[in-house]
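Read the structure below first, then the notes.
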Amino acid sequence: MYKNLFHILPIVLTLALLTGCILHNNVFYTPDIVLKKDGQPCISIPANEDFFMRKKEFSILSLYVFQRRVGYLWKKNFHDYKKPYYVKNQQCLYFNYRFKTNILYSISFFSTEKENDESQKSTNKNWTRDMRIIKKTDGTLQLLLDAEAHDYF
C-alpha cells in the first residue's frame with residue numbers, strides 16, 4: 001500500500017506547485033513606478049493587469065512605505081467596506097508621503113479585483129518594489145529601481 005503512495009506523492013506535489021496551491025502566498029508582483037513632473041513617484045498597477053481591456057477596477061487594501069534600518073515610514077489601510085479605495089491600472093495610487101532624494105524606499109501595496117469575493121485568493125496580489133530618487137549634477141531628478149536603486153552610492 002505505501003509503495004503506491006510513494007509513486008503518487010511526487011505527482012501530487014508537482015501538480016500542487018504548478019497550480020500555485022503551495023507558493024501562491026509568496027508571490028510578489030511588480031508595480032510600475034515613474035517620476036511625475038513634481039519629482040514624486042507615480043506608483044501604479046501595470047497595464048498588462050487588464051489584459052482584455054475590460055476597464056476593470058482594483059480594490060486597494062493597504063499601502064506601505066518602508067525604509068531599511070528605520071522601519072515603516074507611512075502606511076494606510078483601506079479595510080472599511082464603507083470607504084473602499086478603487087483604482088484602474090496605470091492610475092497613480094495615493095501615497096500621502098513626500099518622498100525625499102537619495103533614500104532607498106521599499107514600496108508595497110495589496111490589491112484585489114473589484115467586486116470579487118476576497119476569499120477568492122487568485123485575485124489578491126501583493127505588489128512590492130524598491131526605488132530611490134536621486135538628484136543629478138545638472139539638478140534634474142532620476143528614478144532608480146530595484147538593483148540599480150540598491151547599488152547607487
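Only the coordinates and a few stated rules stand behind these numbers; no lab work does. The model shown is predicted, which means the values in this text are computed figures rather than measured ones. All Cβ positions, even for glycine, are placed from backbone atoms using ideal geometry, and neighbour counts span all protein chains on display.
So, by mean Cβ neighbours within 10 angstrom, what's the order for 36-48, 55-67 with the highest one leading? Numbers along the way, then the final one.
Numbers: 36-48: 14.6, 55-67: 17.9.
Sorting 36-48, 55-67 by mean packing, highest first, produces 55-67, 36-48.
Dipole of segment 69-153, Cα-centred, from +1 at each Lys and Arg C-beta and -1 at each Asp and Glu C-beta, to the nearest 20 debye?
Details: 15 positive and 10 negative charges, 78 e Å.
Result for segment 69-153 is approximately 380 debye, rounded to the nearest 20.
Could you give the length gained on full extension between LYS88 and TRP74, defined as 0.36 nm per residue of separation minus the Cα-Cα distance, in nm? Walk me through the numbers on the way to the answer.
Details: separation 14, 0.36 × 14 = 5.04 nm, distance 2.26 nm.
Here the answer is 2.8 nm.
Using C-alpha pairs below 8 Å separated by at least 6 residues, the relative contact order for segment 23-102 is 30 percent. For segment 134-150, 3J(HN,Hα) computed residue by residue from phi via the Karplus equation (6.51, -1.76, 1.60; θ = phi - 60°) reads 10, 9, 6, 4, 7, x, 7, 9, 9, 9, 10, 10, 6, 4, 5, 5, 5 Hz, glycine and proline entered as x. Within a straight-line Cα-Cα reach of under 29 Å, LYS125 can be paired with the following lysines, leaving aside sequence neighbours fewer than 8 residues apart in one chain: LYS36, LYS37, LYS55, LYS56, LYS75, LYS76, LYS82, LYS83, LYS88, LYS100, LYS114. The amide H of TRP74, built 1.01 Å from its N in the peptide plane, has VAL65 as neighbours under 5 Å, considering only residues 5 or more places off or on other chains.
Residue separation of LYS36 and ASN102 scaled by 0.36 nm, minus their Cα-Cα distance, works out to 22.1 nm of gained length. When the square roots of the Cα gyration tensor eigenvalues are ordered a ≥ b ≥ c, the ratio a/c for segment 45-88 is 1.5 or more and a/b does not exceed b/c, which makes its shape oblate.
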